[in-house]
Amino acid sequence: MAVVHPFRAVRYNLAKVGDLSRVVTQPYDRIGPKEMEGYLARSPYSYARLIGGKTPPGDDGDYLRRAELLRSWLEQGVLLREDKPGFCLYRVTFTHEGRTSIRQGVIGLLDLQKSGAKAHERTLRGPKEDRLKLFRATEAHLEQIFLLYRDPQRRVTRLLESAVGSRKPDLEAHDDFANLHQVWLVSDSQAVRQVQEAFEAQELYIADGHHRFETAKAFMQEWLNKGWEALGPESFTSLPVTLVNVAEPGCVIRPTPRVLHSLPGFDLQSFLGRVSQHFGVESVGSLEEAKARLAEGWKKEHVFALYSRGKFWALVLKSEGDVGRLVPGAQPLAWKKLDVAILHKALLERYLGIDEEALAKQTYLEYAHTAEEAVELVDKGQGQAAFLLNPTQVEEVLAIADLGETMPQKSTDFYPKLLSGLVAMKMEINKG
């Protein structure tokens, strides 16, 4: 059961900040030092000043300074709060692999006391501690969690599309990759009620935001234990979420290439010889050909691309029947058949000795955002080899979550990311 509430969105006052594209950002965990520098240079009202980046501050006073900045922006009218509660239709028009797509979702508040969401990732302590300190200081949820649900009839999307009709979006911004993000605010009481009813029977799945989801639940319990009372849905018992229907087009997952580095004794020819016992080894002429070979095998076979010393190879699992032996462990067969599981357990651990502990510490492996970036790192001498793979399928994510399993590290990269700074929620609390 999913209980989703409308809310009075906190959003930028365009009369104060100007172009929304100059103040919105990628999610906090995508903001490194370089990205932070760029965001801060764009505008004194950059949302990065509130949410911070993926590296926690050394000074805990930084969270209090962000809370004070939030308070001042609300007082000065830099940020506004809608008068009426409602939902938002959130549309992203983007280009991926040369193809333009549209992804639509609905933004609302998930009731954390009455609703759950199935996870597919393990979480780490550091990011949760960082977000918890921010929640405590600001008493606000400044970003959304990306959730998935199944609605083959498109009931929710059709309701919101009908409610907004042909009117222009209330908010519009381009992200760092030229993707267009549009938001329509919907406060019509009948549409709001129908959207709530449509979600009641839905199961929800976390796409992005596992750390923030777990932290929000811990934060809620912490304040309930203090005896504090939530004054309505806009409080610590709810969490802003964007819910995306997997039955619609535009739900894209990108693969995350792996770059091997600093592995003592790595010998390319020896590696290729050993993997040939279970994998066909095909010479491939270029990066474009490697990507084409991956695309050819997607959903049909387990194929990977290897790049090292200026050359590409396709590594193709010879027999699906070998999966159980190559990927040992107690996990169900559906988990073992994931391309990323075969890459980690067979190619990396079995043949290169890179186990789960080394993967977690990135001792001999780091992650690239794109195939081009991975190849460039190898060409620059910052990596010994790059492993490219196909994206995880959305249905695989849901199936693994249904089994109560977590996927291997960096199995999913949903694209585009939800923009931070479109809408937020300020908590109302009775502290007694």
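The values are calculated or read from the model by the stated rules, or taken from the named source; none is laboratory data. The model shown is predicted, which means the values in this text are computed figures rather than measured ones. Here the Cβ positions follow ideal geometry from the backbone for every residue, glycine too, while neighbour counts run over all protein chains shown. The accessibility values were calculated without ligands, DNA or RNA, using every heavy atom of the protein model including side chains. Shrake-Rupley method; radii C 1.70, N 1.55, O 1.52, S 1.80 Å.
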* Structure fact -> Within the range 128-137, residues open to solvent by 10 Å² or more (accessible area, probe 1.4 Å) and over 13 Å from residue 214 (Cβ atoms) come out as 133, 136, 137
* Structure fact -> residue 171 vs (1) open to solvent by 10 Å² or more (accessible area, probe 1.4 Å); (2) at pLDDT 95 or above: all pass except (1)
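Restricting to the range 222-242, name every residue that is of a type in the set (Ser, Thr, Tyr) and either open to solvent by 10 Å² or more (accessible area, probe 1.4 Å) or in a loop (DSSP other than H, G, I, E, B) (or both).
235, 237
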* Asked: Can you name the residue in the range 390-408 that is assigned to a helix (DSSP H, G or I) and in contact with a His (Cβ under 6 Å, 6 or more places away or on another chain) and is also surrounded by the fewest Cβ atoms within 10 Å (Cβ to Cβ) among such residues?
  -> 401
* **Complete set of residues in the range 108-124 that are out of contact with any strand residue (DSSP E or B) (no Cβ under 7 Å at 6 or more places or on another chain), modelled with pLDDT of 95 or more and either among the charged types (D, E, K, R) or surrounded by 24 or more Cβ atoms within 10 Å (Cβ to Cβ) (or both)** => 114
* Output the residue which, of all residues in the range 413-432 that are open to solvent by 10 Å² or more (accessible area, probe 1.4 Å), modelled with pLDDT of 95 or more and of a type outside the set (Lys, Arg), is nearest to residue 94 (Cα to Cα). => 415
* Asked: Listed residues 107, 31; which is on the phi < 0 side of the Ramachandran plot, within 22 Å of the chain's Cα centre (by Cα) and without any contact (Cβ under 8 Å) to a residue 24 or more places away in the chain?
  -> 31
* Please indicate, with yes or no, whether at least one residue in the range 329-345 is modelled with pLDDT under 95, of a type in the set (Asp, Glu) and within 23 Å of the chain's Cα centre (by Cα). => no
* **Failed item in (1) assigned to a helix (DSSP H, G or I); (2) more than 22 Å from the chain's Cα centre (by Cα); (3) modelled with pLDDT of 95 or more, with residue 358 passing the rest** => (3)
* **Per-region count, the range 71-104, residues open to solvent by 40 Å² or more (accessible area, probe 1.4 Å), over 21 Å from the mean Cα position of the chain (by Cα) and aliphatic (A, V, I, L, M)** => 2
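Matching residues to (1) at pLDDT 95 or above; (2) acidic (Asp, Glu); (3) surrounded by fewer than 19 Cβ atoms within 10 Å (Cβ to Cβ):
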{"residue": "40", "(1), (2), (3)": "yes, no, yes"}
{"residue": "46", "(1), (2), (3)": "yes, no, no"}
{"residue": "68", "(1), (2), (3)": "yes, yes, yes"}
{"residue": "106", "(1), (2), (3)": "yes, no, no"}
{"residue": "126", "(1), (2), (3)": "no, no, yes"}
* Any chance residue 244 is at pLDDT 95 or above and in contact with a helix residue (DSSP H, G or I) (Cβ under 6 Å, 6 or more places away or on another chain) -> no
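Consider residue 381 carefully, then state whether it is at pLDDT 95 or above, open to solvent by 10 Å² or more (accessible area, probe 1.4 Å) and over 21 Å from the mean Cα position of the chain (by Cα).
So residue 381 passes the test.
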* **Filter result (small (Gly, Ala, Ser) and under 13 Å from residue 85 (Cα atoms)) within the range 170-206** => 187, 189, 191
* To do: Any chance you could count how many residues in the range 192-221 are open to solvent by 10 Å² or more (accessible area, probe 1.4 Å), touching a residue at least 60 places away in the same chain (Cβ under 8 Å) and farther than 26 Å from residue 410 by Cα?
  => 6
* Asked: Quick one: would you say residue 303 is β-branched (Val, Ile, Thr) and surrounded by fewer than 18 Cβ atoms within 10 Å (Cβ to Cβ)?
  -> no
* Structure fact -> Among (1) over 18 Å from residue 385 (Cβ atoms); (2) open to solvent by 10 Å² or more (accessible area, probe 1.4 Å), residue 313 falls short only on (1)
